[in-house]
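Structure first, commentary second.
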Amino acid sequence: MKIKTKLLIGVSAAMISLSASAATWTVYTFGPAETLGNVQGLKRILEDVEKSTDGEIKFRLRLAGALPIKSTNITQAVGNGTVLFADDGFHLGNVKIAGILRLPMLLRTVKEYQTAFNIMRPYINKEFERQGVIVLGHFLFPHQVAFSTKTLTNLDQFKGQKMRVSSPEQAAFVDLVKGVPVTLGGPEVPSALQTSTIDGVFTASAGGGKIWGSLLNYNYRLPLNYFDGFYIVNKEAFDKLSPGVQKKFRDSVERLAPTTTAQLYKEELEVTAKLKANGMDVVEPTPEDIARATKLVEGYWGQWAQQTGPDAVRLLAEVRAAVGR
């Protein structure tokens, strides 16, 4: 009898252990389509983690709109355990200090972005951790530029156009050029364009240009701001993993995150060329328009920092000095 009891206890413990090791984590992405580079990059990471941990962690990936989670709430959803892992590009409502990296017309080259990111990284990671999440990695889309159904070939033609924005910082720019900023989630964009709820969007060719390009006629390539994404994990769930599994998880993200950025930059050139070949009017901004746009928003940079807090004021000054702007 005692032997049977011990066997049952042993079998039960093994089943519990097997159940825990085979647990499936729900993963969420702000990308609304499988064809997007950030979604494909996230899938590469998930496959690599599953392989490197011998299936100790398994994942179920859900695209933007598949769960009742707005892209702007991904940080919170990971922090409260609704999902356990995600790529998060709409974090500014929760991690406000990261807005420095999105200020319009501030960062013009990848080198400038990387300089600013190196300054900002510890503060961004700390703010994410306050939300109950750990940052495991980071990737970068090319500059967000303007696409529209209406004529848009210079700075003045933003006037009156309803532009979908991805951040409050972009909305401020649209206000300054006398346009109308509209905030929408990615899954809502196609119908909004078809019904003229919006006239255009700010996105990269490798992002929205890839999936919404057929609905748009003009691409004015003013380098408004970079769009960065973070691979974030629920802190409590991550802390419960063994040190060995944590290391394998981190190693996968750190090794593969740069492949997401590389894919996005490759696609930026390919998709822009394809859109142009299909009849889109693709226009590079003049140096005069770039100078005008920068002058228009310089005052806003300081206002944004003052409203955000003393750390933002100090860090913005450090970033501006580092990039010479």
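The values are calculated or read from the model by the stated rules, or taken from the named source; none is laboratory data. Worth saying up front: this structure is predicted, and the values here are computed from it rather than measured. Every residue, glycine among them, receives a Cβ derived from its backbone with ideal geometry; neighbour counts consider all protein chains shown.
For this structure, a couple of remarks:
- Of the residues screened, G137 is one that is within 21 Å of S71 (Cβ to Cβ), touching a residue at least 60 places away in the same chain (Cβ under 8 Å) and of a type outside the set (F, W, Y).
- Meets criteria (touching a strand residue (DSSP E or B) at 6+ places or on another chain (Cβ under 8 Å), under 25 Å from N94 (Cβ atoms), surrounded by fewer than 23 Cβ atoms within 10 Å (Cβ to Cβ) and in contact (Cβ under 8 Å) with a residue 24 or more places away in the chain) for A204: no
- Here A22 passes the criteria (1) small (G, A, S); (2) in contact with a Lys or Arg (Cβ under 7 Å, 6 or more places away or on another chain); (3) at pLDDT 95 or above except the one numbered (3).
- Residues within region 157-202 that are under 21 Å from I69 (Cα atoms) and under 16 Å from the mean Cα position of the chain (by Cα), tallied: 10
- Residue check for V180: closer than 15 Å to F30 by Cβ and of a type in the set (A, V, I, L, M, F, W, C): no
- Matching residues, region 243-266, being under 15 Å from D48 (Cβ atoms) and β-branched (V, I, T): V245, V253, T259, T260
- Count of region 248-272 residues which are exposed (fewer than 15 other Cβ atoms within 10 Å of the Cβ) and either out of contact with any Ser or Thr (no Cβ under 9 Å at 6 or more places or on another chain) or not hydrophobic (A, V, I, L, M, F, W, C) (or both): 7
- Test: residue in region 223-231 that is more than 17 Å from the chain's Cα centre (by Cα) and either surrounded by 22 or more Cβ atoms within 10 Å (Cβ to Cβ) or of a type in the set (D, E, K, R) (or both): no
- Where a residue in region 254-279 is touching a residue at least 40 places away in the same chain (Cβ under 8 Å) and its partner, wherever it lies, is charged (D, E, K, R), with Cβ under 7 Å and at least six apart: L256/R44; L256/D48; T259/R44; E267/K210; V271/K210
- Every condition in (1) within 25 Å of the chain's Cα centre (by Cα); (2) closer than 30 Å to L42 by Cβ is met by G302 except one, and the failing one is (2).
- Test: S205 is closer than 27 Å to E47 by Cβ and under 19 Å from the mean Cα position of the chain (by Cα): yes
- Taken over region 29-51, residues that are surrounded by fewer than 22 Cβ atoms within 10 Å (Cβ to Cβ), touching a strand residue (DSSP E or B) at 6+ places or on another chain (Cβ under 7 Å) and among the β-branched types (V, I, T) amount to 1.
- Qualifying residue in region 141-154 (condition: assigned to a helix (DSSP H, G or I) and buried (at least 22 other Cβ atoms within 10 Å of the Cβ)): no
- The set of residues from region 50-64 being without any contact (Cβ under 8 Å) to a residue 24 or more places away in the chain and among the basic types (K, R) comprises just one member, K51.
- Region 167-201 - residue that is modelled with pLDDT under 95 and charged (D, E, K, R) and, of those, surrounded by the most Cβ atoms within 10 Å (Cβ to Cβ): E169
- Any hit, region 106-124, residues being crowded, with 21+ Cβ neighbours inside 10 Å and touching a Phe, Trp or Tyr at 6+ places or on another chain (Cβ under 7 Å): yes
- Test: residue in region 70-82 that is within 18 Å of the chain's Cα centre (by Cα), at pLDDT below 95 and outside any helix (DSSP H, G or I): yes
- In summary, helices (runs of 4 or more DSSP H) completely within region 219-325 and bearing 3 or more residues that are closer than 20 Å to S148 by Cβ, modelled with pLDDT of 95 or more and not hydroxyl-bearing (S, T, Y) occur at 243-277, 287-308.
- Residues that are assigned to a helix (DSSP H, G or I), touching a residue at least 60 places away in the same chain (Cβ under 8 Å) and not aliphatic (A, V, I, L, M), drawn from region 25-49: G37, N38, Q40, G41, R44, D48
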